[in-house]
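**Student:** First, the structure itself, so that you have it in front of you.
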Amino acid sequence: MRYAIYFTPRQDEPLARIAADWLGRDPFGGATRPAEAVADLSAAEVAFHTASARRYGFHATLKAPFRLAANETETSLRAALDHFAEATPVVTIPRLVVSQIDSFFALVPEGPLPLLNRFADDVVLGFDRFRAPLTEAEIERRSPDSLKRAEFRNLCQWGYPYVFETFRFHMTLSGRAGPQESPRLRLAIDSLFAEVLQQPVPVDALTLFVETEPGAPFMVLSHHALGRRPARKTA
């Protein structure tokens, strides 16, 4: 069993509903739906391009999937999430935009947001005691030879290559797409998300996801609202 600490909007928010329809699965409860044609993409093409992202559900990674440390429990992890959430203000992303990162499509902030990056850093630091060290096999699955020096150092120290100086907030919408496929895929994504992306996105909770066994779809286990005590901040 592995856990992950992600950000995802509440299930009833328009961004979450549209993303669940696009990916074909809602991580809140695990309901699935058949892919449908979007813009110039057939239903089969949508299903193909969203297959890798579907298993994880719509999210932004804050603490990448980890096995629990031997001296911790799910109960202690959830209690720590509650404590962290109560003491942490909401950070608002003024606008998300569609971008292509390493050939996959994702939603990313339109510009730099230092407050959001510091928030992500705090999650990595604050919950590392719950993470069991990576095994050699787990490190190898990350293709360490392909990582930059800082990414490899982060993988070994924090269990994930893309934290701190290599972190980039993103909410994945597809697998990798080549130059021939990308324009049509982007057109489909733009047609679905254009209206909802006109609204700011409050990063207002930490969501605990769980993978019950290797290869199983990630499911929402608990949702921990931020900012119950401090004042709200805007990135």
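The values are calculated or read from the model by the stated rules, or taken from the named source; none is laboratory data. This one's a predicted model, so the numbers in the text were calculated from it and none came from an experiment. Here Cβ is always computed from backbone atoms with ideal geometry, including for glycine, and neighbour counts include all displayed protein chains. Just so you know, the surface numbers come from the protein's heavy atoms only, side chains and all, with ligands and any DNA or RNA stripped out. Shrake-Rupley method; radii C 1.70, N 1.55, O 1.52, S 1.80 Å.
**Student:** From the list PHE167, PHE152, exactly one residue is under 23 Å from SER103 (Cα atoms) and open to solvent by 70 Å² or more (accessible area, probe 1.4 Å). Which is it?
**Tutor:** From the options PHE167, PHE152, the qualifying one is PHE152.
**Student:** From (1) at negative phi; (2) open to solvent by less than 30 Å² (accessible area, probe 1.4 Å); (3) in contact with a strand residue (DSSP E or B) (Cβ under 9 Å, 6 or more places away or on another chain), pick out the condition that doesn't hold for THR212.
**Tutor:** Here THR212 clears every test but (2).
**Student:** Any idea which residue in region 4-14 is modelled with the highest pLDDT, counting only those that are open to solvent by 10 Å² or more (accessible area, probe 1.4 Å) and not charged (D, E, K, R)?
**Tutor:** Residue satisfying both the conditions and the ranking: PRO14.
**Student:** For region 19-59, how many residues are of a type in the set (Ser, Thr, Tyr), closer than 17 Å to ARG186 by Cα and open to solvent by 10 Å² or more (accessible area, probe 1.4 Å)?
**Tutor:** The number of residues fulfilling the criteria is 2.
**Student:** Testing PHE66 on (1) crowded, with 19+ Cβ neighbours inside 10 Å; (2) at pLDDT below 95, one condition comes back false. Which one is that?
**Tutor:** Failed condition: (2).
**Student:** Do we have ALA69 as touching a residue at least 60 places away in the same chain (Cβ under 8 Å) and among the small types (Gly, Ala, Ser) here?
**Tutor:** Yes; evaluated as a whole, the condition is true for this residue.
**Student:** May I ask you to list the residues in region 1-52 that are farther than 27 Å from PHE84 by Cβ and within 14 Å of the chain's Cα centre (by Cα)?
**Tutor:** Answer for region 1-52, where residues must be farther than 27 Å from PHE84 by Cβ and within 14 Å of the chain's Cα centre (by Cα): LEU23, SER52.
Residue-by-condition table, conditions (1) touching a residue at least 60 places away in the same chain (Cβ under 8 Å); (2) surrounded by fewer than 18 Cβ atoms within 10 Å (Cβ to Cβ):
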site	(1), (2)
GLU74	yes, yes
ARG78	yes, yes
ASP102	yes, yes
PRO112	no, yes
LEU116	yes, no
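**Student:** Look through SER99, SER103, SER76 and report the one residue that is at pLDDT below 95 and of a type in the set (Ser, Thr, Tyr).
**Tutor:** The conditions single out SER103.
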